[in-house]
Amino acid sequence: MRTEYPLIAVAVIAVLGCSPAVDEAPASAPCPVGQVINCTCEGGAAGEKTCGDDKKFGDCVCPDAGPTDAGGKKKPDAITAGDAGTTKVEDAGTTDAGPTAKDTAVADIAADAGSDPVDTAPPVELAAHVTTVAGNGNAASTDGVGAAASFNRPLGLAVHKGVVYVSDHQTNRIRKIAADGTVSTLAGSGYGHADGKGSAAKFRKPAGMTADSLGNIYVADRDSHRIRKITPDGTVTTIAGVGSKGSGDGDALKAGFQGPEDIAATPAAVFYVADTLNSRVRRIENGKVKTVGSPASGFADGTFNSAKFTLPAAIAGGPKGDLFVADTLNNAVRHLQVGPKKIVTLAGKGVPGSADGKGKAATFKLPRGIAVGADGTVYVADTGNHRLRRVLADGTVTTIAGSSAGFKDATANGALFNEPRGLAVDRDAKYATVYVADTKNHRVRKYFLAPK
């Protein structure tokens, strides 16, 4: 049975219940405040009455039965709401156990009250902003701090512990931006293919990137049709791709790719590649490459054996191990559900546009960048519309920054981009923070929320 008492009533019982009992006296006679007398309960059991502040005895309290009426019959359980709200106590009626049982009831009430604290702090109001992290708009490859540095069509981004990594597409270098805005070159020195450390390594139009938990960077080296790995000290190795156009699965270093533009990693250290010109998604696991979906291009949901893509240019891993793809020529965002091995369309319907909405009601124009936040929110670089879009788990799409081609730092609704491509989310940031490779502005930008 659950009986409900206000805090004040229980406290009074706990204090007054310890007075010595005397034989029953007439209810009409004045009594000393706090005096306890015997009374007879229903069935003949002995109970107690307590003299209140009005110098009159209250109801008879019976063992295990709660209060009774004047005739000794048990009263129905009462539900009383005090200033602190109604608080439930499990079997907390006064019993022969005396103060111990009463003290337990008070402790139970205190525990219940403490388990549901009232949040009196006002909600934090956030405002969205877009700022430039590095780059001055000149198409070059100068190292430096902030606007003293330059890029030439930055395409891919990755973030690890506050450091932003950039694939500087036209200069064939991998750059990094420290937390203070200092830009330096991590690896690469010119067009070509060579493994090695720092400037000894060469790339051919590096594109999308991802980072693992150890700070290793993985790069889709587009025109060399390979996947490259860069350790934190700048050492570059090839982990997949034979180096010529192809589509064959098998051993990683013998497999074929054709113009891969992005790569993503799952928490299980499995890599997925947007094999763009093959219109496929490929999986790299334990040194083997396998195609995900149909080998034919098209626009179809289905299993990992039957779904179709057309020129997918970006892929990103979610916090739970699923993947999301910017299916560029299909103008859609696709969801790769790793558990059931299914591919479904989250938003977009295959035709270009810029409409916000839910699922197929939303439209994109050549989306070529994608990233996923720690809460599962998907961010899309809607390249053809020069916008940054947000996609929720139910497929609801909202434009959060950008409107037309241009360059402008501002609050999000006034900011401008010029063909944004690669995206990377800083999952360690307190509020939503998305880095943007603003490709034709030759800059790295940041969209972020901050208290007003």
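The values are calculated or read from the model by the stated rules, or taken from the named source; none is laboratory data. Keep in mind the model is a prediction, meaning the values are calculated, not measured. Ideal geometry is used to build each Cβ from the backbone, glycine not excepted, and the neighbour counts take in all protein chains shown. All accessible areas refer to the heavy atoms of the entire protein, side chains included, with ligands and DNA or RNA removed. Shrake-Rupley method; radii C 1.70, N 1.55, O 1.52, S 1.80 Å.
Before moving on, here are some points about what is shown:
- As a size descriptor, the averaged projected area of the C-alpha convex hull of segment 342-452 was calculated at 7.0 nm².
- Per residue accessible area of segment 227-355, 1.4 Å probe, in Å²: 37
- For the residue pairs K408/K430; K254/K288; K161/K408, alpha carbon separations beyond 20 Å are given by K408/K430; K161/K408.
- Segment 127-215 - percent of accessible surface contributed by carbon and sulfur, probe 1.4 Å: 49
- Local net charge near S247, Cβ-Cβ under 13 Å (Lys/Arg +1, Asp/Glu -1): +3
- Portion, in percent, of the accessible area of segment 304-427 that falls on carbon or sulfur, probe 1.4 Å: 51
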